[in-house]
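Here is the structure we will look at, set down as structure tokens.
The values are calculated or read from the model by the stated rules, or taken from the named source; none is laboratory data. This is a predicted model, so every value here is computed, not measured. Glycine gets a Cβ as well: all are built from the backbone with ideal geometry, and neighbour counts include every protein chain shown. In case anyone asks, the SASA skips ligands and DNA or RNA and just uses the protein heavy atoms, side chains included. Shrake-Rupley method; radii C 1.70, N 1.55, O 1.52, S 1.80 Å.
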Amino acid sequence: MSVKIRLQRHGKKGKPFYWVVAADARSKRDGKYLEKIGTYNPNTNPATVDLNLDAAVQWLHNGAQPTDTARAILSYKGALLKHHLDGGVRKGALTQDQADAKLATWLEAKAGKVDSKKDGLSKAEVAARAKAFKAETVANEKRIAAQTEAAKAPEAVVEEEVATEEVVEVEAATEEVVAEEAPAAEESTEEKEA
């Protein structure tokens, strides 16, 4: 019987959530498994991986073969490194204390990288919110300015109407004066001709 370390899908449609399991290679993807080693949630950024490191390394020692995705997850959490270091301890290349120290420094460096990514993402989110807020305030100021101009526009239209009425009245009065002068001028030209 060959054992695989693989993912078993759970979660709803469009929101996958995986269990990392050690299972018989002949069993179905979501079927029977020998042991649940951890979980993997790709919906978060960065992906959330919870892994029982000792159980994963024990299955690797027993000859379990991880799938490609499971291998990436085991590498991300340091299970493959621990398996490699344990092989060095068995061969006598290094002591258990040295192997544990190397694993601890690697895990600290990995945790630092993950924390820096989380910090970068949170800073980017804060910057995006600030930018959106600034754009919204600019849009609000433009809208308020347009509303005040629209409120002033009826007053201006009324003032224009009053000014237009005054111009019309002045033109009408001018026409009346011109009309009165025109017949008088016609009469004087008629008198000269006669």
Residue tally, condition over 20 Å from Gly11 (Cβ atoms) and either open to solvent by 30 Å² or more (accessible area, probe 1.4 Å) or touching a Lys or Arg at 6+ places or on another chain (Cβ under 6 Å) (or both), over segment 53-75: 12
Criterion (over 21 Å from Lys113 (Cβ atoms) and in contact with a helix residue (DSSP H, G or I) (Cβ under 9 Å, 6 or more places away or on another chain)) met by exactly one of Asp86, Asp30, Asp100: Asp86
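Please state which one of Val21, Val49, Val126 is out of contact with any Pro (no Cβ under 8 Å at 6 or more places or on another chain) and more than 20 Å from Lys4 (Cβ to Cβ). Spell out the reasoning first.
On the way: Val21 fails: more than 20 Å from Lys4 (Cβ to Cβ); Val49 fails: more than 20 Å from Lys4 (Cβ to Cβ).
Val126 is the lone residue from the list that is out of contact with any Pro (no Cβ under 8 Å at 6 or more places or on another chain) and more than 20 Å from Lys4 (Cβ to Cβ).
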